[in-house]
Amino acid sequence: MAEVVVSKANLFPSSCHHQNMSVFPKTSGSSLSFSPKTDFHGKSIRLRRPFPTRSNLQFRPINSQLQPGFRVGKARKWWVKGNQPNMKEVTSAQDLVDSLLNAGDKLVVLDFFSPGCGGCKALHPKICQFAEMNPDVQFLQVNYEEHKSMCYSLNVHVLPFFRFYRGAQGRVCSFSCTNATIKKFKDALAKHKPERCSLGPTKGLEEKELLALSANKDLEFTYTPKHVEHVSAKAAEEMIVTAPSRSSSESLPLPSATLKSGQISKERNTVSAGR
């Protein structure tokens, strides 16, 4: 228990001589009380309730789990919100080429966007809805700010911009649209989505685009052009011209000698005799 000596001069003016004066009001259930003596002439006042010290203070641990609706930290990227399992962000030029080639006959939508583009941000929820309604369509997202050099090589200078790819056909359409012209996206999706079988390997990017990517020094991408065309065995047989067989004893015809002026060849004489 702590004892505190309180002087009368500190609590009351010198002209105050009231007796039975309580310093604090009495409250029910409180353990705070004073000595029976009410004459404050340097007498000590004992408090039954100890003062709080470091030993008897109780500290509540801070709850690390915040209440719902309150989040502290970096805001979530808007181009990640609402993404579906069939939506993927491209990480490099090689990743873009491989993703298109591995898609097979599946329709692939290439979405070029920029974090600072207001039209791209407004259109993103619509694209997520289309991806949810069409799980068999692959959506590839290309961040213009992170892959600006690659977008230059692909001749993409307007945002938001979309390109549709399908199997052996390669690129089937490309356009730019916003919320006001979203009908262009719907029409392209309805036209090229129906299942079909491609006659040939998946094409992906065009030859000139692959060459432009490989020529870009900022990109770690290599491409070897394929100039040799494979000819089928049947076509090769048709192109071969078979020469007539000759025996070894037969000699090749010699070129005819130059006729002298005024001389008539033997063949002409034979023709004249026939006349």
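No lab work stands behind these numbers, since they all come straight from the coordinates. All values reported here derive from a predicted model rather than from experimental measurement. All Cβ positions, even for glycine, are placed from backbone atoms using ideal geometry, and neighbour counts span all protein chains on display.
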Query - Contact order normalised by residue count of the range 87-215, Cα under 8 Å, 6+ apart, percent - result: 33 percent
Query raised in the report: How about the range 181-214: which GluC sites (Glu not before Pro) there lie in a loop by DSSP and see at most 14 other Cβ atoms within 10 Å?
Result: GLU195, GLU206
Query raised in the report: What's the extension gain from GLU146 to LYS77 if we count 0.36 nm per residue and subtract their Cα-Cα distance?
Result: 23.4 nm
Report summary line: Inter-part gap, Cα centre of the range 93-129 to Cα centre of the range 207-225, in whole angstrom, is 20 Å
